[in-house]
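Notes follow the structure.
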Amino acid sequence: METLQRLHNRGSVSTVYDIDNSCKFEADNTEYLERDPSSAGNRKTFTTSMWVKRTELGQASTIFGVYPTSGAGNTTVVQFGFTSDDKFQCGFQTFYVVQTNRVFRDTSAWYHIVVRIDTTQSTATDRFKVWINGVEETSFSTDGRASIGLNQDTGINFTEPHRIGVLLSNSWYFSGYMADINHIDGSAKSPTDFGETDEDSGIWKPKKYAGSYGTNGFYLDFESSGSLGADSSGNSNNFTLNNIAAADQATDTPTNNFATINTLQGNASKLIISNGATDIVKSGNHGWQTTNANIAVSVGKWYAEFKLDTSASLIMLGVNQADNEAAWYGSHIGAYSNSTAQGMGYYSQNGYFYRNGGSGAIGSTYTAGDIIGIAFCYNSNGTAFMGMSKNGTWQNSQDPSSGTTNMLGLNYGNAFTNNEMYTFAISTHQDAGGVLANFGGFDGFTVSSGNSDANGYGNFEYAVPTGYYALCTKNLAEEG
C-alpha cells in the first residue's frame, strides 16, 4: 500500500498549498479549452505542469496539444496524453516521442504530470523529459527522442491553436478532471517547481509555482465558475470554452480528493459511466448490475445524494461492502444472505429496504427527478446504520442527526469485527435512464440550493445531517 501511495496522490496528506477547484472534462460532450496565441513565444523551450484525475480508461485522450490550422502541416504538432491502452505518451511532429511501459489506470487518484521540452540541449534524450508524481519516466515502450533535432522548433508557443482536453476538434477527447495547470514559455523547469514530497508519508503533493511565465505562459486555477478559461498568471492568456459551462467547475482536487463512481469494477463493461464518473446507466440488457463509490470507509458518518435521471426505474441505492464482488455481477445490493449482511439497498419500485437476502417496507417509492439522500453511520464498535431521505424528507421518521433514530441496522447477527470496508452503492436493472450521483466534489445533477457539511465541504441539494460528512480525503483525515 505504501508503494501505491507514493505513486498515486489521493489528496490524503496535509498541504500548506490548497487547490480549491478543478475543471471537469467529458469526452462524450466534446468539452475542451482552446487558445490561439496572437504572437509566437519560445518554440524550443517550455514546461507544462498539470494535475489530472482520469474517469474513463481505454481511450486515446489529449491533456494538452497543438495542431496546425494555417497550413503549417505536421511540423508544428505536439500532443501529450494517454493511449488507448492507458500509457502516457507524447506525440511530436509526425512521430511518437515516447510511450511509457507503465500504465495509468487509477481513477481514484490524481496524477501530477510535468512535461519539459528543451531542444537546445546537446543530448537528444535531454530534449524531452516527463515526470509523473515527481518521478522521471525512463522506461518507454516507444522512445523517439533521438529524432528530435537540435534547436528544433515545436508548435508550442506558436501562433496555432493550443487545446486542453483534445488535439483535433473532433478526436482524442479527455474524460476526467484537471487542476492547477501551469505552462511556462521559455524556461526548462523541474517538477520541484510545482510539487514536493511529503516528509511523513512520501506522497507527492502540490506546491505553489512562484516563477515567471514568459510570453505565452498561463496559469489555470479554475477559481471562477463564470470564467473557467481565465488565465491567472497575469498574462491574460485566456482560453475559450468549448461546451464547458460554470457547472463543470469542481471541488475535487489533488488536495481534497472526493469519491466518484468506481470505473474499475469487473462489470464496468456493462455500465456507461460518464460526466466525471457521476452518471451511470447500463449499456444493455444485463440484468441487475451494482457498482460502488471508489472511496470506502471502516468508520465515520457519511452522506451522499443520488437523483434518478429521465426514464429511470428499477433502481436501488444504499451502501455495500467494497469487496463484495458477488453483488457486482447480476445482482443488487442486499441480495445475498450471510451472517453480517454485505449491504443494504432502498428500492425505487416499492420503497422497501433490502438486506441479507430479505426485504421490508420502510418508505416511499421514488422515480425520475427524485433526489435520494443516503446517510451511513459506521461506528467504531463495528455496528452500522443507514438512513434514506426522499427530496429532503427522511423516511420512517428517521433522524440521522440525533444518532440512529429509526435508522436501519446494517449488521445482521454479528458486528463487523474485521474492519470491513463499506461505501455508497448503486444497483440498476433497466438500460433506459440511470442515476446521477453527487458525492460532493462534482454535482452529477444541478443543485439549486447548495448545502455543505459542517467542515465546509461538498455541495448538496439538501442539508447534510448534523455529524455527517461528504466522502472526501480531508474529511477522512478528520472524521474517518
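The values are calculated or read from the model by the stated rules, or taken from the named source; none is laboratory data. It should be emphasised that the depicted structure is a prediction, and the values quoted were computed from it without experimental measurement. In this analysis, Cβ positions are derived from the backbone assuming ideal geometry, glycine residues included, and neighbour counts consider all displayed protein chains. Protein only, heavy atoms only, side chains kept; ligands, DNA and RNA dropped before computing areas. Shrake-Rupley method; radii C 1.70, N 1.55, O 1.52, S 1.80 Å.
Of note:
- All positions within segment 280-334 that are buried (at least 19 other Cβ atoms within 10 Å of the Cβ), β-branched (Val, Ile, Thr) and farther than 12 Å from Met421 by Cβ: Ile280, Val281, Thr290, Thr291, Ile315, Ile333
- For segment 429-443, residues that are of a type outside the set (Asp, Glu) and either open to solvent by 10 Å² or more (accessible area, probe 1.4 Å) or more than 21 Å from the chain's Cα centre (by Cα) (or both) total 6.
- Residues in segment 198-219 that are modelled with pLDDT under 95 and small (Gly, Ala, Ser): Ser201, Gly202.
- Inter-residue pairs, beta-carbon under 9 Å, first without any contact (Cβ under 8 Å) to a residue 60 or more places away in the chain and in segment 118-137, second among the acidic types (Asp, Glu) and open to solvent by less than 50 Å² (accessible area, probe 1.4 Å), 6+ apart: Asp126/Asp118; Arg127/Asp118; Phe128/Asp118; Lys129/Asp118; Lys129/Glu137; Val130/Glu137
- Checking each residue of segment 444-457 against the condition of being crowded, with 16+ Cβ neighbours inside 10 Å, of a type in the set (Gly, Ala, Ser), farther than 19 Å from Gly387 by Cα and touching a Gly at 6+ places or on another chain (Cβ under 8 Å) gives at least one match.
- Candidate set from segment 122-136 (those that are surrounded by 19 or more Cβ atoms within 10 Å (Cβ to Cβ) and over 23 Å from the mean Cα position of the chain (by Cα)); member that is farthest from Asp198 (Cα to Cα): Arg127
- Yes/no for Arg43 being open to solvent by 10 Å² or more (accessible area, probe 1.4 Å), assigned to a loop (DSSP other than H, G, I, E, B) and either among the hydrophobic types (A, V, I, L, M, F, W, C) or touching a Phe, Trp or Tyr at 6+ places or on another chain (Cβ under 6 Å) (or both): yes
- Long-range neighbours under 8 Å by Cβ, at least six apart or interchain, first residue of a type outside the set (Ser, Thr, Tyr) within segment 281-295, second open to solvent by 20 Å² or more (accessible area, probe 1.4 Å) and part of a strand (DSSP E or B): Val281/Ile272; Lys282/Ile272; Gln289/Tyr329
- Matching residues, segment 220-272, being at pLDDT below 95 and in a strand (DSSP E or B): Leu271, Ile272
- Selection status of Thr365, β-branched (Val, Ile, Thr) and either farther than 19 Å from Ser313 by Cβ or open to solvent by less than 10 Å² (accessible area, probe 1.4 Å) (or both): no
- Test: residue in segment 67-84 that is at pLDDT 95 or above, touching a Phe, Trp or Tyr at 6+ places or on another chain (Cβ under 9 Å) and not in a loop (DSSP other than H, G, I, E, B): yes
- Scan of segment 137-156 for residues that are open to solvent by 30 Å² or more (accessible area, probe 1.4 Å), of a type in the set (Asp, Glu) and not in a strand (DSSP E or B), ordered by number: Asp153
- Where Arg355 falls short, out of the listed (1) more than 26 Å from the chain's Cα centre (by Cα); (2) open to solvent by 10 Å² or more (accessible area, probe 1.4 Å); (3) under 22 Å from Val447 (Cβ atoms): (3)
- Residues in segment 458-480 that are in a loop (DSSP other than H, G, I, E, B) and within 17 Å of the chain's Cα centre (by Cα) were compared, and the one that is surrounded by the most Cβ atoms within 10 Å (Cβ to Cβ) is Leu471.
- Checking segment 70-91 against the condition returns no match, with no residue being in contact with a helix residue (DSSP H, G or I) (Cβ under 6 Å, 6 or more places away or on another chain) and open to solvent by less than 50 Å² (accessible area, probe 1.4 Å).
- Yes/no for Thr405 being in contact (Cβ under 8 Å) with a residue 40 or more places away in the chain and either under 28 Å from Asp248 (Cα atoms) or open to solvent by 50 Å² or more (accessible area, probe 1.4 Å) (or both): no
- Thr263 fulfils the conditions (1) open to solvent by 30 Å² or more (accessible area, probe 1.4 Å); (2) polar (S, T, N, Q); (3) under 27 Å from Asp86 (Cα atoms) except for a single criterion, (1).
- Only one of Gly360, Gly382 that is open to solvent by less than 30 Å² (accessible area, probe 1.4 Å), touching a residue at least 12 places away in the same chain (Cβ under 8 Å) and in contact with a Phe, Trp or Tyr (Cβ under 8 Å, 6 or more places away or on another chain): Gly382
- Here Tyr177 qualifies as open to solvent by less than 10 Å² (accessible area, probe 1.4 Å) and among the aromatic types (Phe, Trp, Tyr).
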